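The values are calculated or read from the model by the stated rules, or taken from the named source; none is laboratory data. Just so it is clear, the model here is predicted, and its values are computed rather than measured. FYI the Cβ positions are ideal-geometry reconstructions off the backbone, even for glycines, and counts take in every protein chain you see. Protein only, heavy atoms only, side chains kept; ligands, DNA and RNA dropped before computing areas. Shrake-Rupley method; radii C 1.70, N 1.55, O 1.52, S 1.80 Å.
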Amino acid sequence: ALLRPALGVGSAAAAQYDAQGAEMQVEDVDFGNALSPCARVSTRRALIEMSPKTPQTPQQPLWLTRCENAQARCPFRTQFCLRQGSKGEDRLTVSMRPGGSGDVIWAVFDGHCGGQRSGSVAGFAAQSVPDLVWNSALWPSNPTEAIRQALQDCHEQARRDRLEGGSTAVVLASTGGKLWCGFAGDSRAVARLHDGTVRPLSSEHLCTLEDEILRIKAAGADLEWGKVGGVLPMTRGIGNFGLEREGFACLPEVRSVLRSEVDFVVVGSDGLWDVIGSQECCEIVRTSSASDKVANRIAETLAEEASRRWTNEHRTPDDIAVIVVFFASDMDAPSPMCRTPQLERIVAGEALELPITVPFAWRFGGMAQLANFGLSDRPPPVVRELPFSSDAEDLPGDMN
């Protein structure tokens with residue numbers, strides 16, 4: 001709307017800046033007959049060249065809007081925080097499968113070696129991998145192959161698009177009573193189980209691991225100064241096409257765990273894990289979730305603590321991407337069948353006058369959902385979403 005007076009037309013023109021992907025995105029502009037062809041080209045060029053920090057771009061980053069929308073519809077309490085350092089290479093995403101199945105993806109991508117376009121592969125992966133999974137003929141019948149193939153397809157598409165640099169990948173997906181984790185590189189996903197144990201859902205692919213050294217040598221390559229091509233400490237991921245001859249490869253692995261066993265999962269980039277161990281991280285989440293003051297900003301708390309430790313070690317803080325997902329027990333977890341048309345209308349913002357009882361409530365993103373879980377022979381359950389009384393912000397702050 002701010003652009004229309006400058007254009008002098010009533011068209012729905014908008015220039016949006018995706019701060020996460022570091023890309024200017026210009027929607028199709030319909031100028032009608034209000035401007036001459038030359039004026040249209042000049043105006044469109046002005047939109048493209050517009051600074052992302054000028055008042056003409058009031059929209060929040062597209063990636064954040066997508067994540068917020070998925071977070072609001074997610075049947076599991078989800079928090080996320082992206083705290084960019086000087087490199088600005090980390091990306092994250094939250095995605096719900098279309099159609100009301102209740103399937104969810106949470107993913108972190110840590111970009112590297114891209115120069116001025118260091119976020120290109122990571123940003124591309126954050127946008128494309130969820131759709132590649134949801135559109136796969138293997139989903140949800142074979143989640144292992146669907147996730148593995150999606151990451152490899154993303155890798156090949158990035159090659160065709162000649163994207164620079166590379167990225168790690170850790171993709172957590174929920175479907176059919178299980179959690180599936182696909183990973184390549186040194187980002188990490190860790191689960192705390194209901195029995196109190198901590199279980200890694202991923203392994204890091206590093207140049208220090210004997211299996212990776214043997215794999216690289218078997219491919220006819222060798223490490224230089226203990227790194228791939230003398231520059232890269234991780235051996236797998238997406239992109240880095242100039243280092244494939246040196247042993248870098250897109251060879252994702254996938255693990256699974258019963259969702260009923262899991263209390264929560266933390267997915268993060270190495271900016272978190274380099275300074276906070278898995279066990280300590282899970283303890284921070286556990287204690288924070290019991291505190292009313294920080295229960296709604298646990299992901300931000302982790303990012304702040306990691307950043308503080310980087311600074312205390314007299315090092316420039318690395319980029320930090322972190323997602324925390326809580327999984328209720330089977331007795332409490334909302335079924336995907338709760339995604340009724342009524343709920344879809346409520347999430348979309350419509351006000352409905354519906355009967356409701358409140359035997360159970362759970363929170364996510366500063367909101368509370370109140371569910372009426374009826375017996376199987378009763379009508380579908382009715383779910384309403386109401387503001388939760390809390391002084392905490394709905395979303396983590398300092399989202400770069």
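What is the gain in length, in nm to one decimal, between T208 and E224 on full extension, counting 0.36 nm per residue of separation less the C-alpha to C-alpha distance?
4.6 nm
Roll a 1.4 Å probe over the protein heavy atoms and report the accessible area of I284 in Å², nearest 10.
Counting only protein heavy atoms, the figure is 30 Å².
Once the dipole of the stretch 274-322 is set up with Lys and Arg at +1 and Asp and Glu at -1 on Cβ about the Cα centre, which of S291, S278, T301 lies farthest towards its positive end?
Most positive-ward Cα: S291.
Between T311 and E261, how many nm apart are label points set 7 Å from Cα along the C-beta direction?
4.0
Using a 1.4 Å probe and counting only protein heavy atoms, arrange R160, R286 so the residue with the most accessible area comes first.
R160, R286
How far apart, in nm, are the 7 Å Cα→Cβ label points at R159 and R286?
4.4
What do you reckon, how do E261, E89, E210 stack up by accessible area (1.4 Å probe), largest on top?
Putting E261, E89, E210 in descending order of accessible area: E210, E261, E89.
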